[in-house]
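What follows is one structure encoded as structure tokens, with my remarks underneath.
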Amino acid sequence: MGFERRFAPDFEVIVCAPSESFRWNVHDYPHHLAKWHHHPEYELHLIQSSSGKMMIGDHVGDFQAGCLVLTGPDLPHNWVSASQPGETIPDRDMLIQFSPAFAEKVADLCPEFGDVATLFADAARGVEFSGETAEEGRRLLREIGGTHGPQRLVLFLELMTILAQTPRERRVLSRAAPSFVAQTRSSEKLEIAISHILANFASEIRLSKVAGLCGMEASAFSRFFKKQTGHTFARYVNCSRVHAACNLLSQTEKPITDICFEVGFNNVANFNRQFVKICGQSPSAYRRESRRIGTITRFEQLSAIPA
């Protein structure tokens, strides 16, 4: 399998027991499920221990123990902990996953669940929780793991209500919602464009070629892409390349120069410039930080990707 396909988000198939409305799970890190991936289900994800970098859609940012994030259907996501090669972090991840059909049933259950419907809409771009909302969310998520039957569902509804009731204690992470599932003519074109970028960003990507794949003139496609994603075409390509570089920097010992060319940049100076612009630090600083052992006292907030 080529490099390009390895760093496109993998599709994860989630199997929920017939007797359950949602899936609850805990796993270590590293783990075969801890990767850059997407799936049709909503996911509420808790990092129980460690610090590092998270990638939610087009957002790259810091996380620490206690990070609680809700992702919507097909929003790519990954959490990369600062750990040494070969180190295992027991029970790092605790999560629940549930289908859009179940989410719709919950949101339509009664008028009082209107805030929950709003929360699910926000989850399309990823939502991180803070303050008392996050504290209660962590408590309820852990409690769900020890329950069965109707009580499990009652706790789920309480959890969603807690997460939905205080908007000031949550923030939307990604600037653009995913487009893996085509529903309109515009989303079909965007799916073609983004799929091509994710599959080919390690080589040269010409805007004119992608525009042609979408059946559009280059100038019209450029405006369309910016309107749909919030990014220029070039910036989205660079963001995809930097995301891949983050994985290689944290998970391999490859020289930074080799990584630069492997992810599709044609010179080191431009690679360093784009990495700093997107991540707020140099590739070498990112690698040092990702390998740091013990408590990381402070992470700089990564810069938002300029339009």
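What the table below lists for this structure:
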read-out	value
Count of residues meeting criterion [in contact with a helix residue (DSSP H, G or I) (Cβ under 7 Å, 6 or more places away or on another chain), part of a strand (DSSP E or B) and farther than 22 Å from Asn238 by Cβ] in segment 53-83	3
Among (1) at pLDDT 90 or above; (2) surrounded by fewer than 16 Cβ atoms within 10 Å (Cβ to Cβ) - the single one Ala211 does not satisfy	(2)
Val242 among the aliphatic types (A, V, I, L, M), over 23 Å from Leu75 (Cα atoms) and crowded, with 16+ Cβ neighbours inside 10 Å	no
Residue identified as within 12 Å of Gln165 (Cα to Cα), assigned to a helix (DSSP H, G or I) and within 23 Å of the chain's Cα centre (by Cα) among Ala124, Ala117	Ala117
Selection from segment 200-252 of residues that are free of Cβ contacts under 8 Å to residues at least 60 places away in the same chain and outside any helix (DSSP H, G or I)	Ile205, Arg206, Cys214, Gly215, Met216, Glu217, Thr252
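The values are calculated or read from the model by the stated rules, or taken from the named source; none is laboratory data. This structure is a prediction, so every number in the text was calculated from the model and none was measured. Cβ atoms come from the backbone with ideal geometry, glycine included; neighbour counts cover every protein chain shown.
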